[in-house]
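Participant: This structure is in structure tokens; I'll ask about it shortly.
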Amino acid sequence: MPVEASDREATFFRVIELLPELQVARLDLVQLFGRNAPLHVDLGCGDGSSLCEMAQQFPKTNFLGIERLTKREEKVRRKAEKIENVRVLRADSLFAVRYLLPESSVETFFLLFPDPWPKRRHQLRRIFTRDFLDAIAVALGQHGVLRVATDQFDYFQQVERISRAHQQFQVVPLSPDDAVLPVTKFERKFRKQGVPIYRLTLRKTSPVR
């Protein structure tokens with residue numbers, strides 16, 4: 001039986017194949033912010049409270065919030081509307097780090113309370129992997145920093161194990177700067193519940209030859 005034109009239109013292009021030669025444009029950060037300044041990136045910025053507070057504390061720094069969920073991204077945009085040094089990008093964090101951020105463009109990354117995927121069968125979905133850290137290393141500038149916080153001790157152990165095995169990162173002692181970080185929505189909730197918070201700061205180093 002022949003397929004009607006309307007049926008063809010309804011089913012065509014259901015699947016789009018991404019060709020290997022397809023190029024994704026890197027962000028032009030000077031155009032995006034209207035200035036050249038150190039860049040701090042909040043991966044999975046949630047409702048944007050922490051991002052906006054940091055941006056107000058450090059007006060000479062550019063802050064980029066990356067959030068995958070549409071409703072959260074909309075909340076961040078509303079909060080950041082009048083803060084000149086904040087921009088928001090709706091994207092998957094790993095995709096953005098790997099394909100959208102220019103090489104050596106970031107001074108500091110924040111990965112604050114990433115989705116813990118606590119069930120063992122789901123833990124492969126956790127963002128912090130060797131591939132993730134490889135992408136972070138490319139996007140970070142010389143001596144750049146990645147600051148991680150989680151309430152999940154087993155996740156913290158995973159982060160620490162992967163980090164110590166990576167040749168381009170050094171685990172550094174917590175500094176007074178960690179006390180400057182605003183309290184996120186999740187951290188405020190965990191503190192009320194008496195849940196311990198685990199933190200790790202990584203600094204990019206020259207690869208061992």
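Participant: Taking the stated definitions as given, is Q56 open to solvent by 10 Å² or more (accessible area, probe 1.4 Å) and free of Cβ contacts under 8 Å to residues at least 24 places away in the same chain?
Facilitator: no
Participant: Mind checking which pairs have a first residue in the stretch 127-142 that is hydroxyl-bearing (S, T, Y) and a second that is open to solvent by less than 50 Å² (accessible area, probe 1.4 Å), Cβ under 8 Å, 6 or more apart or different chains?
Facilitator: Listed by first residue and then by second, the contacts come to T129/I162.
Participant: On to the next question. Test I66 against the criterion of being in a loop (DSSP other than H, G, I, E, B) and aliphatic (A, V, I, L, M), and give yes or no.
Facilitator: no
Participant: What residue, of N36, N62, is open to solvent by less than 40 Å² (accessible area, probe 1.4 Å) and modelled with pLDDT of 95 or more?
Facilitator: On inspection, the qualifying residue turns out to be N62.
Participant: Quick one: how many residues across the stretch 39-50 are modelled with pLDDT under 95 and either hydrophobic (A, V, I, L, M, F, W, C) or open to solvent by 70 Å² or more (accessible area, probe 1.4 Å) (or both)?
Facilitator: 1
Participant: Taking the criterion of being at pLDDT below 95 and either in contact with a helix residue (DSSP H, G or I) (Cβ under 7 Å, 6 or more places away or on another chain) or open to solvent by less than 30 Å² (accessible area, probe 1.4 Å) (or both), would at least one residue in the stretch 188-195 satisfy it?
Facilitator: Yes: one or more hits.
The values are calculated or read from the model by the stated rules, or taken from the named source; none is laboratory data. Just so it is clear, the structure is predicted and the values come from calculations on it, not from any experiment. Using ideal geometry, Cβ is built from the backbone for each residue, glycine included, and neighbour counts are taken over all protein chains shown. Just the protein is used for accessible areas: all its heavy atoms, side chains included, with ligands, DNA and RNA removed. Shrake-Rupley method; radii C 1.70, N 1.55, O 1.52, S 1.80 Å.
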